[in-house]
1. Name the long-range amide H neighbours of Asn36: under 5 Å, sequence gap of 5 or more, or other chain; modelled H, no Pro or chain starts.
2. Could you list which residues have their amide H under 5 Å from that of Val53, counting only those 5 or more apart in sequence or on another chain, with H placed in the peptide plane?
3. Please arrange Lys45, Lys65 by counting, for each residue, the other beta carbons lying within 10 Å of its beta carbon, fewest first.
4. Which lysines, on any chain, are close to Lys26 with Cα under 16 Å apart, when same-chain ones fewer than 8 places away are left out?
5. List the lysines whose Cα lies under 18 Å from the Cα of Lys12, skipping any in the same chain that are fewer than 8 positions away.
6. Scan around Gly21 for amide H atoms under 5 Å from its own, H built in the peptide plane at 1.01 Å from N, and keep only partners 5 or more places away or cross-chain.
Amino acid sequence: MICAGDTAAGYKGVCQGDSDGPLVCKGTAVRVVSFNEKRNCDNPKEPNVYTKVAKYLSWIKCIIKY
């Protein structure tokens, strides 16, 4: 898991319903939203925590195959 955000770009953080939203790098979803560290919705000063997609890629491929 990593924490990410961009306050300079006006990013406000994640809220309820954003879970599984992508963290994109060069057009590829590399992480998905897991939770907000303080459970403080829309606060740019609270870190958002992301889970690595590659860790679950085989499971994802199996699920979407059906």
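Nothing in this text is a laboratory measurement; each read-out follows from the coordinates by a stated rule. As the structure is a prediction and not an experimental result, all values here were calculated from the model. As a convention, Cβ positions derive from the backbone with ideal geometry for all residues, glycine included, and neighbour counts pool all protein chains shown.
1. Under 5 Å from the amide H of Asn36 lie the amide H atoms of Val49, each far enough along the sequence or on another chain.
2. Arg31, Val32
3. Numbers: Lys45 9, Lys65 6.
Fewest-to-most ranking of Lys45, Lys65: Lys65, Lys45.
4. Result set, ordered by chain and number: Lys52.
5. Straight-distance partners of Lys12: Lys38, Lys45.
6. Under 5 Å from the amide H of Gly21 lie the amide H atoms of Val33, each far enough along the sequence or on another chain.
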